[in-house]
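Quick notes on the structure that follows.
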Amino acid sequence: YEKAASFYLRVATEYPQSKEAPKALNNAGAVLEKAKKQEDAVSAYKQLADKYPQSPDAPEALFTAARIEENIAYYDKAAALYEQLAQKYPQNAHAADSLRSAGVLRQSLGQHDRAIKHFGEYSRRCKDKADAKDVAFQVAVVHEDQKDYRAAAQSFAAFAHTYPGDARTVEAHARQ
């Protein structure tokens with residue numbers, strides 16, 4: 001694996017203007033990932049996204065790098081990469097999932113304000129997704145965890161109003 005990864009990285013370094021450079025970095029990331037060299041794989045994927053943001057492979061590279069960072073418990077790094085993907089590529093298929101993942105990670109890191117921001121944006125962007133109501137409920141829970149009871153009450157009320165038939169509506173009213 002190391003020879004292949006070295007070859008791809010050398011191609012990208014020696015021929016940065018080539019249309020094949022982003023593909024070479026993507027291939028290097030994939031090979032390094034298979035070789036269980038996660039930090040090097042993340043580096044290759046991030047390099048692809050940073051140097052070639054217009055490449056069709058850039059959003060997928062960010063998503064893969066974020067997933068790797070999350071899997072090795074670098075939650076702050078993973079959240080930043082998910083945020084970058086959602087911000088730079090809002091139309092990408094992974095953008096919504098990235099927002100939600102960033103919110104979950106920020107919440108687990110105790111960064112409640114950022115989690116609420118991501119969950120709120122997810123709810124606005126993805127009203128029609130099946131898990132939109134889960135995220136709306138989560139916003140209220142995060143406010144409650146933050147001991148911002150006024151905002152929690154408002155969020156639980158908004159949830160109950162928006163999703164009157166949901167199984168958690170009674171819970172939302174009680175928590176409100």
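Listing for the model above:
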read-out: Under Karplus coefficients 6.51, -1.76 and 1.60, residue-wise ³J(HN,Hα) of the stretch 11-17 in Hz, glycine/proline x; value: 4, 5, 6, 7, 10, x, 8
read-out: For the stretch 29-176: accessible area per residue (Å², 1.4 Å); value: 53
read-out: Value of relative contact order over the chain, rounded to a whole percent, pairs C-alpha under 8 Å and six or more apart; value: 10
read-out: Trypsin sites (Lys or Arg not before Pro) restricted to the stretch 61-164 and DSSP loop, no more than 11 other C-beta within 10 Å; value: K127, K147
read-out: For the stretch 83-157, projected area of the alpha-carbon convex hull averaged over all directions, nm²; value: 4.6
read-out: Per-residue ³J(HN,Hα) for the stretch 120-133, Karplus 6.51 cos²θ - 1.76 cosθ + 1.60, θ = phi - 60°, Hz, x for Gly and Pro; value: x, 5, 4, 4, 5, 6, 10, 4, 8, 6, 4, 8, 4, 5
read-out: Distance from the stretch 121-141 to the stretch 146-176 (C-alpha centre basis), Å; value: 13
read-out: Solvent-accessible area, 1.4 Å probe, carbon plus sulfur percent, for the stretch 55-176; value: 50
read-out: For the stretch 65-74, 3J(HN,Hα) per residue [Karplus equation, 6.51 cos²θ - 1.76 cosθ + 1.60, θ = phi - 60°, Hz, x = Gly/Pro]; value: 4, 4, 4, 4, 4, 5, 5, 9, 6, 9
read-out: Rounded to 10°, Cα long-axis angle of helix 38-51 versus longest principal axis of the chain; value: 90
read-out: Heavy-atom accessible area order for H118, H112, largest first, 1.4 Å probe; value: H112, H118
read-out: Environment charge at E20 (Cβ cut-off 14 Å; Lys +1, Arg +1, Asp -1, Glu -1); value: +2
read-out: Rel. contact order, % - alpha carbon contacts under 8 angstrom, at least six apart, the stretch 68-111; value: 38
read-out: Unsatisfied cross-links (Cα-Cα over 20 Å) in the set K19/K77; K37/K77; K19/K51; K23/K46; K117/K147; value: K19/K77
read-out: Kirkwood Rh in Å, taken over the chain so that all alpha-carbon pairs contribute; value: 17.5
read-out: Sites K19 and A130, calculated FRET efficiency, Cβ-Cβ separation with R0 35 Å, nearest 0.05; value: 0.35
read-out: Two-site label geometry, H173 and H112: point separation in nm, points 7 Å out along Cα→Cβ; value: 2.6
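The values are calculated or read from the model by the stated rules, or taken from the named source; none is laboratory data. The model shown is predicted, which means the values in this text are computed figures rather than measured ones. Here Cβ is always computed from backbone atoms with ideal geometry, including for glycine, and neighbour counts include all displayed protein chains. Accessible surface is based on the protein model in full, side chains and every heavy atom, while ligands, DNA and RNA are left aside. Shrake-Rupley method; radii C 1.70, N 1.55, O 1.52, S 1.80 Å.
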